[in-house]
Amino acid sequence: MLSKINILIIGSGGREHALAWKIKQSPLLGELYCAPGNAGTAKLGNNIDICNDDIIALADFGERHNIGLTVVGPEVPLCLGVVDEFNKRGLKIFGPNKESARLEGSKSFMKEILSKSGVPTAKYEKHTNVDDALTALNRFDEQVVIKADGLAAGKGVLICATKMQAKNAIKTAMIDRKFGNAGDTVLIEEMLEGEEASVLAFCDGEDFLLMPSSQDHKRIGDGDTGPNTGGMGAYSPAPVVTSDLEKDISKNIFSPVLKTMSELGAPYKGILYAGLMITQVGPKVLEFNCRFGDPECQPIMLRLSSDIVPVLVACANGEINNHKPKWDNDTAVCVVMASGGYPGNYDKGKTIRGIDEANAVEGVVVFHAGTKLDGNDVVTSGGRVLGVTAKGIDVRTAIDNAYEAVEKITWDGAVYRGDIGHRAISR
Ligand code: AMP
Ligand code: GLY
């Protein structure tokens, strides 16, 4: 039996508000802290003014405030080694260490692990020299994907319909250095076709528990048009991931990858997020993330009906085997409301109205992302501002509930997609 613990959440997005909302319901919670948090987390606990990349200050805070568990939202602190720093000081933390987080931090490392594990993925070449990369295009079909090897805040993946676009993409990364060091090495990848889905697992170093599937909507515009974003909406479950497919993903993707990581001396603890393309010949891995997806976390938290804290502690302790989180059969849908102009330039500081009215709609929880308090007002402070998340007995009902709530929220310049969940509906 666990006793009450103080919990620190690192991050400030919709994902972190959803985690805070779920953790707040745990009878095991003592004090809740969020660094740096947003206007939503401020209502649930104490926001702490520490940036998520200041890992020394975060660990100092953990020591001073008797933090019994730290939960890391974003990839940057994980790739910087926040878990190693906390472990060094004997502080319990949920997430992979720096070496394991390379599964997200380096796309070429990820590809090597996939190859060692015999897991299907797109064919690729890795290059550090521009001329070699340009010549290599001759060995690919007309459509390719050019990827900066390192972390680029989700912007380092360029989908190219023609060889000319691919050449420009290579130059953008390697000569213009638009992604900084992250683009010094590029991957050229075969373009895969199919429907995308995300499958996440709680991992304890050896064993893992899959969560229900979900699907993100990466493009800014309806009908999947316009530039990629951090994610404009998500739903769970994703009907494209049938139960047979889920077994396949568990046996042929998660099992071998965790085994390889363990054999390399980097046992994987925390969330492993597989971004998959469900192709005609089965699922192939597009990417791994070393953390919860944002916005996928929001519908997943709404569907988790058991306490999240014991499973997070079990992962950190390497003993997930005795745990079986319970999931609601309902569908959950999250519609992201963003600042006009996102993912390009946008204004901040716009007063948001209607959040309470939206929260009153059946099955709805409004998660904050880029928001902050200005006196008594909640104002916009980022690109993705709110994740309006709703449950329903089926996907249609969940979508209707979410949009009923979205329509109650206003600020100057708010934008959102009108078609979140369209693929689930058309199935
Ligand atoms: P990544 O960060 O690697 O997942 O890439 C971001 C997005 O780019 C993915 O969610 C896909 O929509 C797309 N993408 C990445 N790699 C490929 C690929 N090999 N084929 C088709 N689409 C891809
Ligand atoms: N929604 C995609 C991600 O979190 O990377």
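Normalised size of region 312-382, defined as Cα radius of gyration per 2.2 N^0.38 Å with N residues, equals 1.61.
Quickly estimate the mean residue ellipticity at 222 nm for the chain, helices only: each DSSP H run with n ≥ 4 gives -39500 (n - 2.57), and the total goes over all residues, rounded to 500. Walk me through the numbers on the way to the answer.
On the way: 16 runs with 128 residues, N = 427.
So the helix-based figure for the chain works out to -8000 deg cm²/dmol.
Scaled to the globular estimate 2.2 N^0.38 Å, the Cα spread of region 54-177, given as radius of gyration, is 1.36. The loop-placed trypsin sites (Lys or Arg not before Pro) in region 1-94, going by DSSP, that have at most 12 neighbouring Cβ atoms within 10 Å of their Cβ come out as 89.
Would you list 315, 160 from fewest to most Cβ contacts within 10 Å?
Values: 315 25, 160 22.
Placing the least packed residue first, the sequence is 160, 315.
Result for the chain in a Gaussian network model with C-alpha springs under 10 Å: among 264, 32, 304, the largest mean-square fluctuation is at 264.
What per residue convex hull volume, in Å³, comes out for region 1-117 when only alpha-carbon positions are used? Can you show the working numbers first?
Numbers: hull volume 13.7 nm³, N = 117.
Cα-based convex hull of region 1-117, divided per residue, equals 117 Å³.
Each principal axis of the Cα cloud of region 222-375 was evaluated for its coordinate range; sorted largest first, these ranges are 51, 36, 32 Å.
Here the Kirkwood formula, the inverse mean of 1/r across different C-alpha pairs, assigns region 247-289 a hydrodynamic radius of 11.1 Å.
Semi-axes of the equivalent ellipsoid for region 297-348, computed as √(5λ) from the eigenvalues of its C-alpha gyration tensor and ordered from largest down, come to 34, 16, 7 Å. Both radii are taken from the alpha-carbon atoms of region 215-277; with Rh as the Kirkwood radius, Rg/Rh is 1.09. Using the empirical formula 2.2 N^0.38 Å as the baseline, the Cα radius of gyration of region 289-427 reaches a ratio of 1.16.
In the calculated pair-distance distribution of the chain, the portion above 39 angstrom amounts to 15 percent of the Cα-Cα pairs. Shown here: region 91-151, whose C-alpha atoms stretch 51, 25, 17 Å along the first, second and third principal axes, sorted largest to smallest. The relative contact order of the chain, computed from alpha carbon pairs under 8 Å that lie at least 6 residues apart in sequence, is 16 percent. Within the chain, DSSP assigns beta bridges of which about 80% are antiparallel (rounded to the nearest 5).
Which links in 22/251; 147/218; 111/284; 218/372; 24/326; 126/167 stretch past 20 Å when you go from one Cα to the other? Show your work: numbers first, answer last.
Details: 22/251 29 Å; 147/218 16 Å; 111/284 12 Å; 218/372 24 Å; 24/326 17 Å; 126/167 15 Å.
Table pairs above 20 Å Cα-Cα are 22/251; 218/372.
Note: relative contact order over region 19-161, using C-alpha pairs below 8 Å and six or more positions apart, is 13 percent. For region 152-285, the mean projected area of the C-alpha convex hull, equal to one quarter of the hull surface, is 9.5 nm².
Across region 152-164, coupling constants 3J(HN,Hα) worked out from phi with the 6.51/-1.76/1.60 Karplus curve, θ = phi - 60°, read 9, 6, x, 9, x, 10, 10, 8, 10, 7, 9, 4, 4 Hz, and Gly and Pro carry x. Dipole size in debye (nearest 20) for region 277-389 around its Cα centre, Lys and Arg Cβ +1, Asp and Glu Cβ -1? Value, rounded to 20: 300 debye. Per Stokes-Einstein, at 20 °C and 1.002 mPa s, what whole-number D in µm² s⁻¹ belongs to region 364-424, with the Kirkwood radius over Cα pairs as the hydrodynamic radius? Answer from the Stokes-Einstein relation: 170 µm²/s.
Every read-out reported here was derived from the displayed coordinates using simple, explicitly stated rules and does not represent laboratory data. Note that this is a predicted model, so its numbers are computed, not measured. Cβ sites come from the backbone with ideal geometry, for glycine too, and all protein chains shown count toward neighbours.
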